[in-house]
Amino acid sequence: MPISQSEKAARFRALHEAPGAFVIPNPWDGGSARILAALGFQALATSSGAQAGTLGRKDGKVTRDEALAHCRVIVNATDLPVAADLEKCFGDEPKVVAETIRLAAGVGLVGGSVEDATGDKQKPLFDHGLATERVAAAVEAARKVEFPFTLTARTESFLRGNPNLDDVIKRLQAFEKAGADVLMAPGLPDLAAVRAVCSAVSKPVNFMVGIKGKSFTVAELTAAGVKRISLATSLYRSAMSGLLDAAREVKDAGTFGYVERGVPSPDLAAFME
């Protein structure tokens, strides 16, 4: 019997309340979602960068309709709860953010994020006031959903030219006060910064793995106070690295050694319906 969205939402919320940390990997299509579910992961999250890659585009160049259609594919692939990387929620105004959250719940998602990156290189971050208003609008929309939609608020400061830990903490504290369920600051430079963030807020913190030199073990992140560990585009990039290596071998050497090195088709088929 299919699991209801409300039950998925309750399971997802429970993961944030259980002891220790959990890993939430990021599939990029239905097949990768099924593989991750079969491996035993308890929840999934979309990745805006991986999704854009599947369309042959750069991160941030996907429309809301395209993003939600992609989310629906991931949701329908397994019975796991799915949260979405919704970037800046596809608009600047708080009312647009709220509508995006409402639509996200409508495609089967049980969680989603809103971030403070503007997409404008001249002013890469929303100011504190507007950034917090946008989170508050997302929270209000999430609370109107008939199940516990888990709202993640993230500051992109370390990725957008504002590597100021004090400012990051102030933003996250403001987002927490606005009602966000989970807090996130991608690009934290070291475990000391991770500990500082986790100790400065009372809501669960999501750490994003995937940046060279700034990705730490589950044990280290758990000890630092992290509750949720996402993988961003790292699995997608790993898969595409395999594609590039195989294709280059064919083109440059005229050999097919990758066939012997790759996962046998029957093994992959075991993950699919």
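The values are calculated or read from the model by the stated rules, or taken from the named source; none is laboratory data. Nothing here was measured: the structure is a model prediction, and the numbers come from that model. Reconstructed Cβ throughout: ideal geometry from the backbone, glycine too, with neighbour counts over all protein chains shown.
Can you spot a residue in the range 33-44 that is within 16 Å of residue 184 (Cβ to Cβ), under 17 Å from the mean Cα position of the chain (by Cα) and outside any loop (DSSP other than H, G, I, E, B)?
No, that holds for no residue.
Do we find a residue being surrounded by 21 or more Cβ atoms within 10 Å (Cβ to Cβ), free of Cβ contacts under 8 Å to residues at least 60 places away in the same chain and closer than 15 Å to residue 110 by Cα anywhere in the range 26-36?
no
One residue is enough: does the range 126-142 have a residue meeting the conditions closer than 30 Å to residue 3 by Cβ and not in a helix (DSSP H, G or I)?
No, there is no match, as no residue in the range 126-142 is closer than 30 Å to residue 3 by Cβ and not in a helix (DSSP H, G or I).
Take the range 37-58 and flag every residue that is in contact (Cβ under 8 Å) with a residue 40 or more places away in the chain and closer than 17 Å to residue 182 by Cα.
Residues satisfying the conditions are 43, 45, 47.
Which members of the range 50-62 meet the condition of being surrounded by fewer than 23 Cβ atoms within 10 Å (Cβ to Cβ) and either in a helix (DSSP H, G or I) or of a type in the set (Ser, Thr, Tyr) (or both)?
52, 53, 54 - these are the residues of the range 50-62 that are surrounded by fewer than 23 Cβ atoms within 10 Å (Cβ to Cβ) and either in a helix (DSSP H, G or I) or of a type in the set (Ser, Thr, Tyr) (or both).
If residue 174 satisfies all but one of (1) in a helix (DSSP H, G or I); (2) within 22 Å of residue 87 (Cα to Cα); (3) in contact with a Leu (Cβ under 8 Å, 6 or more places away or on another chain), what's the number of the condition it fails?
Residue 174 satisfies every listed condition except (3).
Which is at pLDDT 95 or above, crowded, with 23+ Cβ neighbours inside 10 Å and among the aromatic types (Phe, Trp, Tyr), of 147, 90, 175?
Every option except 175 fails the conditions.
Just checking, does the range 214-229 include any residue being in contact with a His (Cβ under 8 Å, 6 or more places away or on another chain), among the basic types (Lys, Arg) and at pLDDT 95 or above? Lay out the reasoning, then the answer.
Step one: list which residues in the range 214-229 are in contact with a His (Cβ under 8 Å, 6 or more places away or on another chain), which gives 227-228.
Checking the rest, the ones that are also among the basic types (Lys, Arg) come to 227-228.
Adding the requirement that they be at pLDDT 95 or above leaves 227-228.
Scanning the range 214-229 turns up at least one residue that is in contact with a His (Cβ under 8 Å, 6 or more places away or on another chain), among the basic types (Lys, Arg) and at pLDDT 95 or above.
All but one of (1) in contact with a strand residue (DSSP E or B) (Cβ under 8 Å, 6 or more places away or on another chain); (2) among the β-branched types (Val, Ile, Thr); (3) closer than 17 Å to residue 70 by Cβ hold for residue 54; which doesn't?
Of (1) in contact with a strand residue (DSSP E or B) (Cβ under 8 Å, 6 or more places away or on another chain); (2) among the β-branched types (Val, Ile, Thr); (3) closer than 17 Å to residue 70 by Cβ, only one is false for residue 54: (1).
For residues that are part of a strand (DSSP E or B) and touching a helix residue (DSSP H, G or I) at 6+ places or on another chain (Cβ under 7 Å), tally how many sit in the range 110-124.
Just the residues of the range 110-124 that are part of a strand (DSSP E or B), to begin with: 111-115, 117.
With touching a helix residue (DSSP H, G or I) at 6+ places or on another chain (Cβ under 7 Å) added as a condition, the list becomes 111-112, 114.
Qualifying residue count for the region: 3.
Starting from the range 59-86, keep only residues that are under 19 Å from residue 120 (Cβ atoms), then list their pairs with residues that are aromatic (Phe, Trp, Tyr) whose Cβ atoms are within a distance under 8 Å, requiring at least 6 positions of separation or different chains.
Qualifying pairs under 8 Å: 63/90; 64/90.
Each row is one residue, and each column tells you yes or no for (1) in contact with a strand residue (DSSP E or B) (Cβ under 8 Å, 6 or more places away or on another chain); (2) among the hydroxyl-bearing types (Ser, Thr, Tyr).
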{"residue": "190", "(1), (2)": "no, no"}
{"residue": "196", "(1), (2)": "no, no"}
{"residue": "211", "(1), (2)": "no, no"}
{"residue": "216", "(1), (2)": "yes, no"}
{"residue": "219", "(1), (2)": "no, no"}
{"residue": "223", "(1), (2)": "no, no"}
{"residue": "255", "(1), (2)": "no, yes"}
{"residue": "270", "(1), (2)": "no, no"}
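Exactly one condition in (1) farther than 21 Å from residue 39 by Cβ; (2) in a helix (DSSP H, G or I); (3) in contact with a helix residue (DSSP H, G or I) (Cβ under 7 Å, 6 or more places away or on another chain) is not met by residue 65; state its number.
All conditions pass for residue 65, except number (3).
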